[in-house]
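What follows is a short report on a single structure.
The values are calculated or read from the model by the stated rules, or taken from the named source; none is laboratory data. Since the structure is predicted, the reported quantities are computational estimates derived from the model, not experimental observations. Glycine gets a Cβ as well: all are built from the backbone with ideal geometry, and neighbour counts include every protein chain shown. Heads up: the accessible areas ignore ligands, DNA and RNA and are worked out on the full protein's heavy atoms, side chains in. Shrake-Rupley method; radii C 1.70, N 1.55, O 1.52, S 1.80 Å.
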Amino acid sequence: MGCAISGLTAKAEFGERTTEEDDAAAAAACPSEDQILMIKDSWKVIRDDIAKVGIIMFVRLFETHPECKDVFFLFRDVEDLERLRTSRELRAHGLRVMSFIEKNVARLDQLERLEALALELGKSHYHYNAPPKYYSYVQAEFICAVQPILKESWTSELEEAWKTMFQFVTSLMKQGYQEESDRQRLLALSPKDRPDKKNTAL
């Protein structure tokens, strides 16, 4: 469907990472000051079409990565993409994701708040049963969806700025997901098996 970075490219770049690559992703750099300015300026234009971008992004996501539908029980059995394009539920979810992206953009110059937001979202995605490999697919489809909106304003530098932001945020989300996974695994152990609990029984 026209976008060079979706589909197989997205799978190759993001879907088949090794543990070492995941460790490297955890240290993703935050955007530079120039990149932050570019992202904020382009967001002013994107924001006018926020609902449209959200729908396009998720329809494309389900088209290029149909396995992602397993996470969204409302859309799991929907094969007709036209039905998805007109789905109120998909529109609502797309708006929630776009709202999260908007919060990221607003916090780019408040890194502590951005980090807290992304870590918390990663933890909540553990409970949604949405594994980390899906997060970067959203990046690819977001970029494909906004290119036509930004038209001649879209440059390789702007694309790199958005990719840097997404990689920074998704690395934090992955960290949050892993922290929650570890916490839940620990809670599942009996008290005597937990490494941080000393057996105080007399």
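At 1.4 Å probe size, put 189, 81 in order of accessible surface, largest to smallest. If you can, show how the numbers build up before the last one.
Numbers: 189 65, 81 45 Å².
Order by accessible area, largest first: 189, 81.
Suppose a student asked you for the relative contact order of the range 91-177, using Cα pairs under 8 Å spaced at least 6 residues apart; what percent would you report?
48 percent
Between residue 157 and residue 187, what length in nm is gained on full extension when 0.36 nm per residue of separation is reduced by their alpha carbon distance?
Values: separation 30, 0.36 × 30 = 10.80 nm, distance 4.51 nm.
Going from the current span to full extension adds 6.3 nm.
Counting only Cα atoms, I'd like the Rg/Rh figure for the range 43-82, Kirkwood definition for Rh.
Rg divided by Rh gives 1.07.
Work out the FRET efficiency for residue 79 and residue 28 from their Cβ-Cβ distance, taking R0 = 30 Å, and round it to the nearest 0.05.
My answer for the efficiency is 0.25.
Sorted from largest down, give the three principal axis spans of the alpha carbons of the range 72-202, whole angstrom values.
73, 39, 19
Working out 0.36 nm times the residue gap between residue 92 and residue 71, then minus their Cα-Cα distance, what length gain in nm do you get to one decimal?
6.0 nm
How would 56, 50, 143 rank on accessible area, largest to smallest, probe 1.4 Å? Intermediate values should be presented prior to the final figure.
Working: 56 60, 50 35, 143 0 Å².
Heavy-atom accessible area, descending, gives 56, 50, 143.
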